[in-house]
Amino acid sequence: MKKLAIIGSTGSIGTQALSVAAEFSEEIEIIGLSTNKNIDLLEEQIKSFHPKAVCVMDPDAASILDKRLAGKKVEVLTGIDGLIAVSTLAGCDLLLTAVSGMIGLKPTLAAISEGINIALANKETLVAAGQLVMEAARQKDVAILPVDSEHSAIFQCLRGNQKEAIKRVIITASGGPFRTWSAEELKHVSLDQALKHPNWSMGAKITIDSASMMNKGLEVIEAKWLFGLRLDQIDVIVHPQSIIHSMIEYVDHSTIAQMGMPDMALPIQYAFFYPERVANSRDPLDFTKASTLTFEKPDMVRFPCLRLAFDALKLGGSMSCVLNAANEIAVARFLNKEIGFTDIPRINKTVMNQHQLIGDPGLSDILAADSWARDVARHL
Ligand code: NDP
Ligand code: MG
């Protein structure tokens, strides 16, 4: 039995991960779960999966749930200490980090220091502190198993090949709902339009990131750290059908692609069972129905967030962390209808321009840069 904890279990990835765990209940035992505030769903999850401990980030919601569960065996924790405790439960084999945003950093580092393998969905953690996280994982011999579909694809395309033989990785992007919109039309995007992704059903923050192509930028940074790539080894291509999840071109100009239905349960399952492949009940890819696969160059003028991610990587140090923090604030404000869609890249760029780069940041530098960037972004 593999003992699994999930932080962010009430979200899009969290609930899909639990559906995978339910399908494989003979192989996977859930020992920890967490939510920000959604205690109704967490309570249902507790009844179905019987974890030892849960964390409700919000203290008021936590005490309501604690009362509801009086007499039950599950421990209810709260706050960042609670999130860290759920991420480092004794006997845990694998932690799925499925919270949204850089809040995942401390729990991920804590789990790594306990030698717990990580199934990583929470890309903001690697964007903010990729070098720190990968170095900590290397020191503890902990596996960081990608859940993001593109990175799972690259991970799968790497099997049986040498990393040294990679010429470049080609990260595919759906292009989001505004792929064909003009720069002028993008100024008038509404929240409802931005929340309608053509191929994937996801949490609100990543859905907006996909519409602005910030998500692809974050994934470029995520790929750099996960696979130890140079910047010139990472390319992005728009592939609107989301059937090829990413590819590796090797030095002999053979390209290996990973394909499948756009269903996050597949990369989640791959991370849970790696290195095994296990039969499941999901829909297979029918090539007669997905017979057209098309590709386009990304447009970094209409979608400047993608360009900003490449710029942040080029600048290095604390810049990716600052970009991520500014973007978290900007997206939250857009979701609150306080700013327009094109204000997101404007804020991100301005915060980056104002940042005094820290060359080789430690954890305290990262946390300080994150908090500085959030303040500046809020002000903007
Ligand atoms: P959701 O918004 O659907 O879920 C986020 C989860 O984290 C929820 O359980 C939420 O609780 C919890 N949470 C949010 N904020 C906090 C906080 N401050 N403290 C503690 N818990 C918090 O996000 P997704 O599932 O879509 O995405 C999760 C991560 O996975 C992101 O990093 C995203 O980029 C990545 N990812 C997602 C994909 C997808 O298909 N959804 C694909 C690839 C990567 P509550 O329910 O109370 O809000
Ligand atoms: Mg992705």
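The values are calculated or read from the model by the stated rules, or taken from the named source; none is laboratory data. What you see is a predicted model, and the numbers here were worked out from it, not measured in a lab. Every residue, glycine as well, gets a Cβ built from its backbone with ideal geometry; the counts of neighbours run over all protein chains shown.
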- Item | Test: Phe272 is surrounded by 18 or more Cβ atoms within 10 Å (Cβ to Cβ) and either touching a residue at least 60 places away in the same chain (Cβ under 8 Å) or assigned to a loop (DSSP other than H, G, I, E, B) (or both) | yes
- Note on the structure: Scanning the stretch 100-143 residue by residue, the ones that are within 16 Å of ligand 2 (Cβ to nearest atom) and of a type in the set (A, V, I, L, M, F, W, C) total 5
- Message: Given the options Ser63, Ser25, Ser19, name the one that is touching a residue at least 40 places away in the same chain (Cβ under 8 Å) and more than 10 Å from ligand 1 (Cβ to nearest atom).
- Response: Ser19
- Item | Condition met for Lys73 (away from ligand 2 (no atom under 16 Å from the Cβ) and free of Cβ contacts under 8 Å to residues at least 24 places away in the same chain) | yes
- Please find, among Leu132, Leu120, Leu126, the residue that is more than 13 Å from ligand 1 (Cβ to nearest atom) and either closer than 18 Å to Lys3 by Cα or surrounded by 19 or more Cβ atoms within 10 Å (Cβ to Cβ) (or both). Leu132
- Can you name the residue in the stretch 1-16 that is of a type in the set (A, V, I, L, M, F, W, C) and more than 16 Å from Ser48 (Cα to Cα) and, of all such residues, is modelled with the lowest pLDDT? Met1
- Query: List, please: which pairs have Cβ atoms under 7 Å, are six or more places apart or on different chains, and start with a residue in the stretch 146-159 that is within 15 Å of Thr125 (Cα to Cα) and end with one that is in a loop (DSSP other than H, G, I, E, B) and more than 7 Å from ligand 2 (Cβ to nearest atom)?
  - Reply: Val147/Ala121; Asp148/Ala121
- Note on the stretch 166-216: residues within 12 Å of ligand 1 (Cβ to nearest atom) and closer than 16 Å to Cys305 by Cα are Ser174, Lys205, Ile206, Thr207, Ile208, Asp209, Ser210, Met214, Asn215, Lys216
- When only residues in the stretch 135-165 that are charged (D, E, K, R) and within 14 Å of ligand 1 (Cβ to nearest atom) count, which is farthest from the chain's Cα centre (by Cα)? Glu150
- Query: Residues of the stretch 313-334 being hydrophobic (A, V, I, L, M, F, W, C) and over 18 Å from the mean Cα position of the chain (by Cα), which ones?
  - Reply: Leu315, Met319, Phe334
- Message: Being hydrophobic (A, V, I, L, M, F, W, C) and within 11 Å of ligand 2 (Cβ to nearest atom) is the filter here; which residues of the stretch 222-236 pass it?
- Response: Ala223
- Message: Tell me the residue from Met102, Met57 that is within 13 Å of ligand 1 (Cβ to nearest atom), under 25 Å from Val142 (Cβ atoms) and in contact with a Leu (Cβ under 7 Å, 6 or more places away or on another chain), please.
- Response: Met57
- Message: For the stretch 334-348, which positions are in a helix (DSSP H, G or I) and surrounded by fewer than 18 Cβ atoms within 10 Å (Cβ to Cβ)?
- Response: Leu335, Asp343, Arg346
- Residue match in the stretch 207-221 (condition: assigned to a helix (DSSP H, G or I), surrounded by fewer than 21 Cβ atoms within 10 Å (Cβ to Cβ) and away from ligand 2 (no atom under 13 Å from the Cβ)): no
- Residue match in the stretch 355-364 (condition: closer than 30 Å to Thr172 by Cβ, out of contact with any His (no Cβ under 6 Å at 6 or more places or on another chain) and in a helix (DSSP H, G or I)): no
- Any chance the stretch 165-175 includes a residue that's within 14 Å of ligand 2 (Cβ to nearest atom) and either among the basic types (Lys, Arg) or in contact with a Cys (Cβ under 9 Å, 6 or more places away or on another chain) (or both)? yes
- Looking at the stretch 180-206, which of the residues that are more than 16 Å from ligand 2 (Cβ to nearest atom) and among the basic types (Lys, Arg) is nearest to Ile248 (Cα to Cα)? Lys196
- How many residues are under 17 Å from Lys123 (Cβ atoms) and free of Cβ contacts under 8 Å to residues at least 60 places away in the same chain if we restrict to the stretch 191-214? 3
- Task: Of all residues in the stretch 1-16, count the ones that are surrounded by 19 or more Cβ atoms within 10 Å (Cβ to Cβ) and in contact (Cβ under 8 Å) with a residue 40 or more places away in the chain.
- Result: 11
- Look at Ile171 and say whether it is among the aliphatic types (A, V, I, L, M) and without any contact (Cβ under 8 Å) to a residue 60 or more places away in the chain. no
- Item | Close pairs (9 angstrom Cβ cut-off, 6 or more residues apart or separate chains): free of Cβ contacts under 8 Å to residues at least 12 places away in the same chain in the stretch 349-371, of a type in the set (Ser, Thr, Tyr) and outside any helix (DSSP H, G or I) anywhere | Gln356/Ser318; Ala368/Ser318
